[in-house]
Amino acid sequence: MKSMDYLKEISRFEHRGSATKNERKAADYIAEKLKSLGYDVGVQEFKATRDNLYILPLQFGVLLFIMGAASLVYDKFLNIVELIVSLIAVFLLILESSGRSFETSIMPKHRSKNVFTKFEKNDKKKIIISAHIDTQKGSLMFSPKIVGRLKMIFNVGYVGFALIPLGIALKVMNISFVSNVLLGLGILITFSMIVFLLICQLGGKYTNGANDNGSGVSLALAIADHYANNKDKFPDDVQLVFLFTGSEETGERGMKYFLKRYKRLLDSNTQFIILDNLGAGKLTYLEGEGMIIYRKAGKMLLDVADLMAKEYPENTVQKRRNLLLPTDALPVLASGFDAIAFLSMDEDGSIKNYHWFTDTIENVDSKLLRYEESFLIEYVLRASIKMSNLKNVEAMR
């Protein structure tokens, strides 16, 4: 089983924190492995901020808290300014969560890398198999006693954020009692979120990331290994491209930079298969992405997954609507391409050892990884054949 061998190698890094030296070393390791398999390899370097999961909502929360508190003190003219600033903050937060390529962080940037097998703009249809290299910080947010309530915490926090511009707007319209109630509640919730995020950021430490996302990287490398040695089994008019992104944990920055630079070389029918968190639980594929703005996964990719889920042994593959935090599929879908994400999770939707210090190779299910390697190789083959057939049908019209 190739994937477990690759996972042992990638897990030797203490961590692969976004835009850190270790992440770049892991990218270099992946590049060398791809070269040894006979691929022509490209490296895309870019700069990204770190720890956006904590810093981004924190910076917006602080700004909204200041605007809300100031609105209780200053007059109507300044209330209008505060309303505009708070609306901009909410808009930027929604924009960040939409998957669009727009930098919303004001924090310092550091070097990160994408690694991919080179491709050209030609008549061949392309399927891009992608996995992110980096790991997230473990913190109070992802402790076993809190992680199950994370969706509720973020939902309440974002409602608190939204109450501040709403309260200020009512204050501008002289609806004082209601505005003061909404502002008070919004300020209280926002302050609580600020304290919570500060504790998480200051107390957080990077995890080893064997599951998230050493498992996805190792499976993508195993598929690349299989493809390099079995190209005769795949359609000639479809090319597989392998992409390993940096800084996914900071808001899919690596994928966004890849799309920004190489989108012009990709046909609109290009399909993306995202591999993430596949080390424990049950093999799962997502119907879509996005917590605020929902985007449906690619139809052809879903059709192949649905068919295989029915054919494989019962209760071994499941489908879920989406995740709280997005995968690299979100910016792909936002850019107009089709994508699907594969993960592994429990039946209740929880991911084992999620962004926690137990995310080590000892807690990866080797039997599951073996099963997924076989399943995903077949899935990619079937998707390639279906894509080739669709292309031939289009050519005959």
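The values are calculated or read from the model by the stated rules, or taken from the named source; none is laboratory data. Source: prediction; values computed, not measured. Don't worry about glycine lacking a Cβ; one is built from the backbone with ideal geometry, like all the others, and counts go over all protein chains shown. With ligands, DNA and RNA removed, areas are computed over all heavy atoms of the protein, side chains included. Shrake-Rupley method; radii C 1.70, N 1.55, O 1.52, S 1.80 Å.
Here the chain is treated with +1 on each Lys and Arg Cβ and -1 on each Asp and Glu Cβ, and its dipole about the Cα centre works out to around 660 debye. In percent, rounded to a whole number, the relative contact order of the chain is 25, using alpha-carbon pairs under 8 Å and six or more apart. Find the percent of Cα-Cα distances in segment 199-319 that exceed 20 Å, and round it to a whole number. It works out to 59 percent of all Cα pairs.
Relative intensity of segment 176-228 on a log10 scale, I(q)/I(0) at q = 0.26 Å⁻¹, equals -0.93, per a Debye sum over C-alpha point scatterers of equal strength in the absence of solvent.
Direction-averaged projected area, Cα convex hull, segment 306-350: 3.8 nm², rounded to one decimal. Expressed in Å, the radius of gyration and Dmax of the Cα atoms of segment 267-396 are 15.2, 55.
Peptide packing: for 174-183, 312-321, 271-280, 331-340, the average count of neighbouring Cβ atoms within 10 Å per residue gives the ranking 271-280, 331-340, 174-183, 312-321, highest mean first. Annotation: peptides 351-359, 235-243, ranked by per-residue average of other Cβ atoms within 10 Å with the highest first, follow the order 351-359, 235-243.
The modelled label-to-label distance between TYR294 and GLU378, using points 7 Å beyond Cα along the C-beta direction, is 3.0 nm. What the Cα atoms of segment 77-146 give is an Rg and a Dmax of 19.7, 59 Å. The C-alpha atoms of the chain define a longest principal axis, and helix 366-396 lies at about 80 degrees to it.
Rolling a 1.4 Å probe over the protein heavy atoms of segment 89-174, with every protein chain left in place, gives an accessible area that is 63 percent carbon and sulfur. A 1.4 Å probe run over the protein chains yields, for the chain, 43 Å² of accessible area per residue, whole-number rounding. Among beta bridges from DSSP that stay inside the chain, the antiparallel ones total about 45%. Computed over Cα pairs, the Kirkwood radius of segment 256-329 leads via Stokes-Einstein (1.002 mPa s, 20 °C) to a diffusion coefficient of 153 µm² per second.
Using only alpha carbons, segment 1-94 has a radius of gyration to Kirkwood radius ratio (Rg to Rh) of 1.30. Solvent-accessible area assigned to carbon and sulfur over segment 314-397 amounts to 50 percent, based on a 1.4 Å probe. Once Rh is set to the Kirkwood radius over Cα pairs, what Stokes-Einstein translational diffusion coefficient, in µm²/s, holds for segment 165-257 at a temperature of 20 °C and a viscosity of 1.002 mPa s? Value of D from the Cα-based Kirkwood radius: 116 µm²/s. Calculate the tail of P(r) for the chain: the fraction of all Cα-Cα distances greater than 31 Å, expressed in %. When all Cα pairs of the chain are counted, 38 percent exceed 31 Å. Distance distribution note for segment 67-212: the fraction of Cα pairs above 26 angstrom is 46%.
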